Amino acid sequence: MFLWLHEIILSGAHAIYQFVPEYLLWLLLPFFILFIFPIFLVLFIYGCVIFVHIYGHRHQIREAYHTSYWEGARVAIASFWDGVGNVWHGYELKGIENVPDEGSALFIYYHGCLPLDVYYLISKLVIHKNRSLHCVGDKFIFKIPGWRPLCKLFSITAGTVEECTEELKEGNLLCIAPGGVREALFSDPNVYDILWGKRLGFAKVIIGSKTPVIPMFTENCRESFRTPEWGRSFFRWIYEKTKIPLCPIYGGFPVKMITHLGKPIYFDFDTVTPEEVRKTVKREIRSMIKEHQRLPGSVWQGIAQRWSAPSKKKTDEPEQAELLQRNGAGTTSPTSDSEDVVVLRRERSGIDDDDAEIDELGGI
């Protein structure tokens, strides 16, 4: 890896020397020494840290290669992403004991702007549980050049309700984000609103496969990468009309990320309805957001959290109510169902009336 980086740097330096006058190179040399070289130095150091992390898993990688060439590649890539998560986000996974050592389970999670937490979770499960987490991805990711082999290696599929049900009946682990791309790009980081619309596909998968549900939420998943507030309604309009995710993304901030896996949720599969399943799972995800996430979301607080002592992330009720009111979310009376006492999403016209999305699953 380092030889490859060395060749890139040398070729880049040669190209610069050919096209930039020599006097300008000498003029910019102090700038390069003061600013550019330290950046490369930090990148090389972090590269060494990640390499050491991967080397620590060398026995697992070697054993995986003895089992299967592709299994070895999968464990090696998982080790790399596990290193990236540890170095850049101080990533932690809490509740791994809730993941069965064998048999099926369905992870339902809140979708951050980019699903880095899912990549990190996949890596943890491969390394520490020796289990593969299958994922439902949005259809557009399979149209990105070169991504298909990686999606196949890590069992990412744009599955239908029937295909996902069969995956779980075969005893696999599967994860679904019912909010999909809409929630990823247009959920408000101030309130972490859940944008599932009328989607019931995941609930039908749960009932059809008779599989327990593991609710999942990652702290600061909207702080690492964000979408700008300006033009959000315009990009939202484009997405609703075309399903093309054209909204710009910025970030890469090294915020603390902690994935929380809740206790498995079981249903009376013979009598429960898809609407009841959705309501129960959504209530649990909201509860996890309220318990673990500081609101409003803050990039600076997320970064500071890496060095601060652990504390409960519950937001004060008056401040939360003010945020919800400002963002157009309603609250119900204290006598109403507990799911609706604190509403962590904004309803936008047209979303909950889109019956065509009822069977859609969402995805990473």
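Tabulated results
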item: Rounded if a/c under 1.5, otherwise prolate or oblate - the stretch 87-217, Cα gyration tensor axes; result: rounded
item: Interchain or long-range residues, amide H under 5 Å from Thr157's placed H; result: Cys135, Val136, Gly137
item: Placed amide H near Lys256: partners under 5 Å, 5+ positions off or other chain; result: Ile303, Gln305, Arg306
item: Full-stretch length increase - Asp270, Ile45 - with 0.36 nm per residue and alpha-carbon distance subtracted; result: 75.4 nm
item: Over 31 Å between alpha carbons, listed pairs Lys241/Lys263; Lys256/Lys279; Lys94/Lys143; Lys152/Lys290; Lys143/Lys204; Lys210/Lys241; result: Lys241/Lys263; Lys94/Lys143; Lys152/Lys290; Lys210/Lys241
item: Gain on full stretching of the segment that runs from Trp300 to Asn98 - 0.36 nm per residue minus C-alpha separation; result: 69.6 nm
item: Cα gyration tensor, the stretch 113-169 - rounded (a/c under 1.5), prolate or oblate; result: oblate
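Values quoted throughout were computed directly from the atomic coordinates according to the rules given, and no laboratory measurement underlies them. Everything quoted here is computed from the prediction, not taken from an experiment.
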